[in-house]
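The values are calculated or read from the model by the stated rules, or taken from the named source; none is laboratory data. Owing to the predicted nature of the structure, the values given are computational and were not obtained by experimental measurement. With ideal geometry, Cβ positions are generated from the backbone for all residues, glycine too; neighbour counts draw on all protein chains shown. Note: areas computed on protein heavy atoms with side chains; ligands, DNA, RNA excluded. Shrake-Rupley method; radii C 1.70, N 1.55, O 1.52, S 1.80 Å.
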Amino acid sequence: MSAVQAGRKRDGAATREAILAAAVVEFTEHGYARAGVRQIAERAGVTAMMINRYFGSKERLFAEAVDRAFKPPTVVGEERRELSRAMAHTLAERTGTDSEDLDPFLLMLRSVSDPEATDALRKGVEAHVGARLAGLLAGPGAEVRAQLGLALVAGTWLMRTVVGTTALAAADDDEVAELLAAMLEPLTQESAT
């Protein structure tokens, strides 16, 4: 047994946290199907048996990893003021050439083709980013408008960073932000429905 495992033996919360943190990284890097319980355990400094003890199954571990990945604000903040502009500028910056990866989107992209993963992904998106955006929208149809806004966000991220279409990848962040804000504006206004 390693020193890490021996140290965690007495601290179940720390062990659980280490497993969950390792799972987020593995699922983000490899997707649901290709991330193995053994690799997650190795990254966490525990045995695969410990993962089953704390989470019961790979599927349950994935659901908690998705929940953790989508919980913090990335593109959708927590302010209603100038929502479409704020989202557009954040998205443009987060998908620009010098930006860091948007881990929740990578986790989703690399796992969505697996039927065992889609339910957890849908629940994670709806419970966090979807609910956050819908909560910022006034008027009827907030959930539908929020999910259409998220579709625009996800599509922009996909085309600009993963596919890297020439025009979008080369476009100036401010130009992209202005166009996105104009597209998001009808969805964020009460008169949108």
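Here are the numbers for this structure:
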{"read-out": "Residue check, residue 69 under 30 Å from residue 115 (Cβ atoms) and in contact with a Leu (Cβ under 6 Å, 6 or more places away or on another chain)", "value": "yes"}
{"read-out": "Candidate set: region 25-47, residues that are among the hydrophobic types (A, V, I, L, M, F, W, C) and open to solvent by 30 Å² or more (accessible area, probe 1.4 Å); chosen: the one nearest to residue 107 (Cα to Cα)", "value": "25"}
{"read-out": "Candidate set: region 94-109, residues that are open to solvent by 60 Å² or more (accessible area, probe 1.4 Å) and over 11 Å from the mean Cα position of the chain (by Cα); chosen: the one farthest from residue 21 (Cα to Cα)", "value": "97"}
{"read-out": "Pair list, Cβ < 7 Å and 6+ apart or interchain, from region 159-185 residues that are closer than 19 Å to residue 148 by Cβ to residues that are part of a loop (DSSP other than H, G, I, E, B)", "value": "159/165; 160/95"}
{"read-out": "Residue 79 vs. criteria without any contact (Cβ under 8 Å) to a residue 12 or more places away in the chain, open to solvent by 50 Å² or more (accessible area, probe 1.4 Å) and either of a type in the set (Asp, Glu) or more than 24 Å from residue 160 (Cα to Cα) (or both)", "value": "no"}
{"read-out": "Top-ranked residue of region 78-109 - restricted to ones that are assigned to a loop (DSSP other than H, G, I, E, B) and closer than 20 Å to residue 169 by Cα, ranked as modelled with the lowest pLDDT", "value": "102"}
{"read-out": "Some residue of region 117-132 being polar (S, T, N, Q) and surrounded by 15 or more Cβ atoms within 10 Å (Cβ to Cβ)", "value": "no"}
{"read-out": "Subset tally (residues that are open to solvent by 40 Å² or more (accessible area, probe 1.4 Å) and part of a helix (DSSP H, G or I)) for region 48-74", "value": "12"}
{"read-out": "Complete set of residues in region 136-154 that are more than 12 Å from residue 189 (Cα to Cα) and open to solvent by 50 Å² or more (accessible area, probe 1.4 Å)", "value": "143, 144, 147, 148, 151"}
